[in-house]
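Below: the structure, in structure tokens.
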Amino acid sequence: MSLNNGLFQLGIDLQRGSSNTQAEVIEFKPSVAEAPLQDEERKDFFIERDGERFAGTHLIIELVGAKFLDSLEKIEAAMRECVERAGATLLHIHLHHFTPNGGVSGVAVLAESHISIHTWPEADYAALDVFMCGDARPHECVEVLRQHFTPSDVVVDELRRGKGLV
């Protein structure tokens, strides 16, 4: 299923620039051309740590008492810095700005997996998933998020995905 077809099924038509909700769709593309990764370039391999072999680290992050949660520019900048600091490979960022509350939902698609964000600016709350495989360092994203959104509290839960598969 193509991205446009999948989004159309959710009520978002990128080709017509409209949706069945009152929302603004903004698509950010990395400045480098997208290209398929060769096998030797893949960064999504299984991890071995603390005697366990698993697919990747999945952080569930909650920002409480956070600011700037309605700013597409601030959210994009934070996602890009997370990717850089984690040593990941950005493939694509897509952010969706809701009205009237200004909340944002979005995803940074990575060669190593993804970072997603959902914000509720009226409650000063954001929920993020940071899932990365290989040599990427997802924990680096926590401090980046603190710096960009100055939350009063940050809650982080960690899951090791794919344990026991290989």
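Overview of values
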read-out	value
Cα-Cα separations in region 89-157 greater than 21 Å, expressed as whole percent	27 percent
Cβ-based exposure ranking for V107, V64, in which fewest neighbours within 10 Å come first	V64, V107
Packing rank of 53-62, 128-137, where each peptide gets the mean count of other beta carbons within 10 Å, highest leading	128-137, 53-62
Where only C-alpha atoms are counted, convex hull volume of region 39-161 per residue in Å³	89 Å³
Zero-based 5 Å bins, Cα pair distances in region 119-164, whole percents	5, 15, 28, 23, 14, 9, 4, 2, 0
Peptides ranked, highest mean first, by Cβ atoms within 10 Å: ranges 109-117, 150-158	109-117, 150-158
Two-site FRET efficiency, S152 against S116, from Cβ-Cβ distance with R₀ of 30 Å, rounded to 0.05	0.85
Label point distance in nm, R161-E84, each placed 7 Å from Cα along Cα→Cβ	2.5 nm
Hull-based mean projected area of region 45-85, where the convex hull spans the alpha carbons, in square nanometres	4.4 nm²
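Each reported figure results from applying straightforward, stated rules to the coordinates on display, with no laboratory input. Computed from a predicted structure; not experimentally measured. Using ideal geometry, Cβ is built from the backbone for each residue, glycine included, and neighbour counts are taken over all protein chains shown.
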